[in-house]
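What follows draws every value from the coordinates through simple rules; no lab data is involved. Remember, it's a predicted structure, so these values are computed and weren't measured experimentally. Glycine gets a Cβ as well: all are built from the backbone with ideal geometry, and neighbour counts include every protein chain shown.
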Ligand code: SF4
């Protein structure tokens, strides 16, 4: 079960008549010599961390490293619970959970860096909102995580998921592509539709720079997790509706990496440009 590109993954799903998640599980079994149960248990451990992380900011006061964020999930969920949210149940919850995980991350709490700490809110936000709203079982969610892993593996193999190397598009964009693909599989879409959703998610994030204020993973990282969560759901919705992407996923991975490599160093996690260089951000820097 070896694959390096989406085209190869797709061929395997067709040849064996299996979903992407199952190909990824079998790849892990072959590469690690772990049993199926051991691999699934490890993923369950990650899922448990994700479940805790989305709820922590609702019950605990969060003190982050730079004090630039904190309390955003609580505000969003209060508005949601009052029935005032304007984005619908699924997206409202996905955004709230996503930004909450960034609060946990910025306070040195435990999160799952899938694919990175800066982008750690997207997958739990989307997956756990989907689970609650559509009453999905843990088994479905775990399969979704393996699907997302397959997409993340292709991104890491052929491009990167590092903001320092290729901008926020590589971090948040990758997380969004992973989540978009997984949502499609969790809702019964085909592997081709999964990859269409992932490609669209990357297209929508293309060119996003990495510009953390004070060099801390707080602003604009937190709101970008919320934005990427909603992007994932929208891209999955488009793919499930039968909208095919013009640009195949493999081409978008290469395109994203090329764009990232062309970004000036100021826009690749150095905090020397973008949001980090605004007067307000710089004034925070003097006080920090
Ligand atoms: S701005 Fe940079 S540090 Fe923040 S989430 Fe994006 S890639 Fe990560």
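Over what distance in Å are the Cα centres of the range 235-288 and the range 182-198 separated?
Centre-to-centre (Cα) distance: 23 Å.
For residue 286 and residue 206, compute 0.36 nm times the residue count separating them, minus their Cα-Cα distance, and round to one decimal in nm. It would help to have the intermediate numbers written out before the result.
Details: separation 80, 0.36 × 80 = 28.80 nm, distance 3.18 nm.
Full extension of this stretch gives 25.6 nm more.
Considering Cα pairs under 8 angstrom that are at least six residues apart, work out the relative contact order of the range 1-80 and quote it in whole percent. Mind showing how you got there, number by number?
Numbers: 35 pairs, mean separation 12.7, N = 80.
In percent, rounded to a whole number, it is 16.
May I ask you to derive the relative contact order of the range 81-159, considering only C-alpha pairs under 8 Å and at least 6 residues apart, and to give it as an integer percent? Mind showing how you got there, number by number?
Working: 62 pairs, mean separation 22.1, N = 79.
Taking the mean separation of contacting Cα pairs over the length of the range 81-159, I get 28 percent.
If you take all C-alpha pairs in the range 100-242, what percent of them are over 20 Å apart?
On the way: 4005 of 10153 pairs.
More than 20 Å apart: 39 percent of the Cα pairs in the range 100-242.
Full-extension gain between residue 270 and residue 55, please, as 0.36 nm times their residue separation minus the C-alpha to C-alpha distance.
On the way: separation 215, 0.36 × 215 = 77.40 nm, distance 3.12 nm.
Full extension from residue 270 to residue 55 adds 74.3 nm.
On C-alpha positions alone, give me the angle between the axis of helix 168-186 and the longest principal axis of the chain, in degrees, nearest 10.
40 degrees
Debye calculation, C-alpha points only, no solvent: report log10 I(q)/I(0) for the range 78-127 at q = 0.33 Å⁻¹, in the same order as the q values.
Computed log10 I(q)/I(0) values: -1.15.
So, in nm, how far is label residue 156 from label residue 48 when the simple model puts each one 7 Å beyond its Cα toward the Cβ?
2.2 nm
Defining a contact as two alpha carbons under 8 Å apart and six or more residues distant in sequence, what relative contact order in percent does the chain show?
Once normalised by length, the contact order is 20 percent.
Compactness ratio of the chain: Cα Rg over 2.2 N^0.38 Å, N = residue count? Walk me through the numbers before you get to the answer.
Working: Rg = 18.2 Å, N = 288, 2.2 N^0.38 = 18.9 Å.
Ratio of Cα Rg to 2.2 N^0.38 Å: 0.96.
What is the distance in Å between the Cα centroid of the range 20-59 and that of the range 116-165?
Cα centroid of the range 20-59 versus Cα centroid of the range 116-165: 11 Å apart.
With label points built 7 Å along Cα→Cβ from the Cα atoms of residue 31 and residue 1, find their separation and express it in nm.
1.1 nm
Spin-label point model (7 Å from Cα, Cβ direction): what's the residue 78 to residue 133 distance in nm?
2.3 nm
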